[in-house]
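The structure appears right after this line, and notes come after that.
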Amino acid sequence: MAVTSRLLGASGVVIVGVVAAALLGQIPAVGAVDHAIVATPSSPVQRLVCPGSPVAVGAAGQKATVLSADGSPTMHVDVAGSGTVKATKLGGGAVQGGSGTRPRLFTAPAADAKHGAIAGAQSQVVTTGDASGLAASACSVPVNTAWVAAGSTTTGRTTVLTLANASSVPAQVSLAVWTENGRVETAGGSQVLVGPHSRLAVSLASVAPSAAGTVVEVTSTGGQLGVALEQRVVRGLESGGLDLTGPTSAPSTRQVITGVRIANASAVAAASATTGYGDLLPVLRLLAPGAKAADVRVTITGSSGSGHKVLSRHIDAGKVADLTLPGLTDGVYSLDVQSTQPVVTGARVATVTDEGASTTDTGMTTDGTTMDTAGTDGTVAGGTSTGTDAGLVGGTGPMDAGSGMNGTATTATARGIDLAWISAADPLGSHATVAVADGPGATLSFANPTGHAVSVKVAGVGGATVKVPAGGTAVTTVHSGVGTLSGGAGLRAAVSYAGADAVAAYAVAPADQAAHPVRVTH
């Protein structure tokens, strides 16, 4: 995405040059000799935005419309080699919470032969509010266009889009949202304004209520944005976990997702058979945002070398579909998605520590009767579970979901449920910087969509040379910090976590913000 920003800037230079040439009568005639120069513009300062703490809607003790954030994430941000990183806290906007919950802008000198590329990641264990879990995400390069494939707004599922303006000018933002029913049409379009160096949080329920699956395109005019999306789940009185995820790859006929971490697969399968828990199953989210339907072929490879599994699917144009990933045992997997039309992708996984445990709150209402918030599973294209529970904020039940006798949230997490969304990854260059946030059981996975084996050297967060087979997946354990990857051109990479009550993952960005040569014809 940083490359896109650079190309736009370079294109602006070329266009100005052409206009000036036209005014001076210097546009060459057809068939004239092509005079061209190749120039490398000055590299911009490197920038990353870490999204800050997850944002809750109507958390315990708050009104249904109040946005709030608690706690402070731990961030690891640095450059490979020499160079100094500067941190700036951005404004919190209308989100309630201390300064530690706010997004942060990190800057570093331009990447060149002397200064390395910047990378960053953050993590936080959230234990307050109605949902708890591990939220880990990469810090992202601020951009003018981003896609996010994650989230749901059905009963008990809350999804919040966070936009952090990293620029000193306002950002006029247009939001395009797709669901299983197609693109959401809103009167006058979904337009929001994000002030300079500030944050805006948008509950997707206000744009796409009762959506089993969402995909969002964010387009900004003016300031560049750090984009993140949080989903949290509450089923009746039981926490279903939460996650914070960043942008996925732009629409393409080939997408690769790695770091799909399956943990406690048997417990997840058992729990998913209960009414209202169908969305614990791992899925691949797909959207063909264009006007044509797509035929999609998905190749699944695991780190255990168990071979390939291939799934095929026909998806309608402009409708979000979730494809269940069947029969995956514990391990780390990659999804190689090839499509006849450009698609946007993401993957969701969940963990259940103990499917035999029971919740501890009876869920009694103030009149002594028992609330029935178990929900009823439905199925949309792709098999997404759509709970029809009453009682969510904005729902039709007598109380807010998760409310106890005094109307405040009482969360029971005895089974230890958490969820994670994983974005598609862009191809690495021959050198990349990787940030590993704090978290349990951290691993770095590589997917190799090429036709030949590739060996990549990991340094700084581990000390291994990992051989990734052609068309396969390989994994190595890592520790928190910032390190480097060498020799992995064409690979995709992700960091994933799994532990008691916790699962999380995020894609590794190419981490290349250096300027590249531009050919200018005159």
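The values are calculated or read from the model by the stated rules, or taken from the named source; none is laboratory data. Keep in mind that this is a model prediction, so the values were computed, not measured. Every residue, glycine among them, receives a Cβ derived from its backbone with ideal geometry; neighbour counts consider all protein chains shown.
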When restricted to 43, 53, the only residue within 20 Å of the chain's Cα centre (by Cα), at pLDDT 50 or above and surrounded by 15 or more Cβ atoms within 10 Å (Cβ to Cβ) is 53
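Condition check ((1) in the same structural domain as residue 351 (by TED's automatic domain parsing); (2) modelled with pLDDT of 95 or more; (3) touching an Asp or Glu at 6+ places or on another chain (Cβ under 6 Å); (4) over 26 Å from residue 106 (Cα atoms)) across all residues:
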site: 424; (1), (2), (3), (4): yes, yes, no, no
site: 431; (1), (2), (3), (4): yes, no, no, no
site: 437; (1), (2), (3), (4): yes, yes, no, no
site: 442; (1), (2), (3), (4): yes, yes, no, no
site: 448; (1), (2), (3), (4): yes, yes, no, yes
site: 455; (1), (2), (3), (4): yes, yes, no, yes
site: 464; (1), (2), (3), (4): yes, no, no, yes
Which condition does residue 107 not pass, out of (1) under 19 Å from the mean Cα position of the chain (by Cα); (2) in a strand (DSSP E or B), if it passes all the others? (1)
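Conditions tested, residue by residue: (1) buried (at least 16 other Cβ atoms within 10 Å of the Cβ); (2) at pLDDT 95 or above.
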{"position": "168", "(1), (2)": "no, yes"}
{"position": "176", "(1), (2)": "yes, yes"}
{"position": "180", "(1), (2)": "yes, yes"}
{"position": "188", "(1), (2)": "no, no"}
{"position": "193", "(1), (2)": "no, yes"}
{"position": "197", "(1), (2)": "yes, yes"}
{"position": "206", "(1), (2)": "no, no"}
{"position": "210", "(1), (2)": "yes, yes"}
{"position": "214", "(1), (2)": "yes, yes"}
So if I check each of 300, 262, which one is without any contact (Cβ under 8 Å) to a residue 40 or more places away in the chain, in the same structural domain as residue 499 (by TED's automatic domain parsing) and under 21 Å from the mean Cα position of the chain (by Cα)? 300
With respect to residue 450, determine if the residue is buried (at least 21 other Cβ atoms within 10 Å of the Cβ) and within 20 Å of residue 308 (Cα to Cα). no
Restricting the stretch 253-274 to residues that are assigned to a helix (DSSP H, G or I) and not hydroxyl-bearing (Ser, Thr, Tyr), the residue that is surrounded by the most Cβ atoms within 10 Å (Cβ to Cβ): 268
Somewhere in the stretch 495-504, is a residue farther than 30 Å from residue 127 by Cα, surrounded by 20 or more Cβ atoms within 10 Å (Cβ to Cβ) and not hydroxyl-bearing (Ser, Thr, Tyr)? no
Within the stretch 467-490, the count of residues that are crowded, with 20+ Cβ neighbours inside 10 Å and either more than 30 Å from residue 268 (Cα to Cα) or not assigned by TED's automatic domain parsing to the domain that holds residue 265 (or both) comes to 4
Given the conditions (1) under 21 Å from residue 50 (Cα atoms); (2) touching a residue at least 40 places away in the same chain (Cβ under 8 Å); (3) of a type outside the set (Ser, Thr, Tyr), every one holds for residue 233 apart from (1)
Before we move on, is residue 80 more than 18 Å from the chain's Cα centre (by Cα), of a type outside the set (S, T, N, Q) and farther than 24 Å from residue 495 by Cα? no
Does residue 290 qualify as being loosely packed, with under 15 Cβ neighbours inside 10 Å and modelled with pLDDT of 95 or more? yes
Every residue from the stretch 458-505 that is β-branched (Val, Ile, Thr), under 20 Å from the mean Cα position of the chain (by Cα) and under 23 Å from residue 309 (Cβ atoms): 503
I'd like to check something: does the stretch 428-441 contain any residue that is under 20 Å from residue 337 (Cα atoms) and of a type in the set (Gly, Ala, Ser)? no
Surrounded by fewer than 22 Cβ atoms within 10 Å (Cβ to Cβ), over 22 Å from residue 507 (Cα atoms) and free of Cβ contacts under 8 Å to residues at least 24 places away in the same chain, is that true of residue 327? yes
